[in-house]
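The values are calculated or read from the model by the stated rules, or taken from the named source; none is laboratory data. Model, not experiment: these values are computed from the prediction. As a convention, Cβ positions derive from the backbone with ideal geometry for all residues, glycine included, and neighbour counts pool all protein chains shown.
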């Protein structure tokens with residue numbers, strides 16, 4: 001792992017400590033989070049509040065515990081609306097996995113699904129700068145086809161303590177169509193932005209999410 005990826009992993013974990021959040025939960029709540037997460041891969045959506053109520057004694061308390069650990073987000077009505085790396089919103093990052101289609105919070109999250117669940121995926125997204133389609137066939141940390149000259153960009157300046165990561169930093173993690181566009185984007189704000197080529201971006205994504213997936217398998 002190169003030093004840039006290692007530094008980025010530490011920086012993201014300080015902003016969004018998902019693994020420590022999962023480890024902080026009791027067994028029942030950790031298991032519920034894993035069911036909320038796995039449902040996206042199994043059904044293309046997370047569980048409803050009604051479905052959660054059939055799994056735990058106090059759905060509201062359990063969901064709030066998981067929210068406090070930063071692992072999920074709820075909608076305005078208190079329904080599960082996202083479990084990192086997935087979201088129930090129709091965002092630009094679409095992942096086809098296990099015969100279902102799910103949306104991801106950000107480009108990094110989309111790249112994480114295949115190594116996190118050890119399954120082949122197809123990513124459909126777009127370049128944030130041009131709108132050009134980004135298409136990737138992924139298996140673990142390898143790609144068999146697609147927009148292989150795509151880059152990943154992150155605007156660290158979007159992180160804030162006042163807004164959940166799903167609605168702040170995640171909105172500024174993107175695909176860029178090629179190195180030239182990525183470097184132009186970086187030059188606009190080099191003090192807050194960072195770019196990675198596709199192999200480094202996948203290493204970043206796997207480094208952040210695979211440990212979460214492994215711990216989730218133990219908790220499920």
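The single residue among 146, 213 that is out of contact with any helix residue (DSSP H, G or I) (no Cβ under 7 Å at 6 or more places or on another chain), at pLDDT below 95, under 21 Å from residue 95 (Cβ atoms) and buried (at least 17 other Cβ atoms within 10 Å of the Cβ) turns out to be 146. Take the conditions (1) surrounded by 22 or more Cβ atoms within 10 Å (Cβ to Cβ); (2) part of a loop (DSSP other than H, G, I, E, B); residue 204 misses just one of them, which is (2). Looking at the structure I just gave you, is residue 97 within 21 Å of residue 215 (Cβ to Cβ), free of Cβ contacts under 8 Å to residues at least 60 places away in the same chain, more than 10 Å from the chain's Cα centre (by Cα) and not assigned by TED's automatic domain parsing to the domain that holds residue 140? Criteria not met by residue 97. Filtered by the rule that a residue be outside any loop (DSSP other than H, G, I, E, B) and crowded, with 16+ Cβ neighbours inside 10 Å, the stretch 121-140 gives 121, 122, 123, 124, 125, 126, 127, 134, 136, 137, 138. Taking the criterion of being part of a loop (DSSP other than H, G, I, E, B) and loosely packed, with under 13 Cβ neighbours inside 10 Å, the residues of the stretch 49-69 that qualify are 54, 57, 58. Evaluation of residue 157 against the conditions (1) in contact with a helix residue (DSSP H, G or I) (Cβ under 9 Å, 6 or more places away or on another chain); (2) closer than 21 Å to residue 81 by Cβ shows that the sole unmet condition is (2). For the stretch 171-191, taking the residues that are in contact with a strand residue (DSSP E or B) (Cβ under 8 Å, 6 or more places away or on another chain) and part of a helix (DSSP H, G or I), the one that is nearest to residue 92 (Cα to Cα) is identified as 172. Across the stretch 83-115, what is the number of residues that are more than 22 Å from residue 199 (Cβ to Cβ) and either crowded, with 24+ Cβ neighbours inside 10 Å or touching a helix residue (DSSP H, G or I) at 6+ places or on another chain (Cβ under 7 Å) (or both)? Final tally of qualifying residues: 7.
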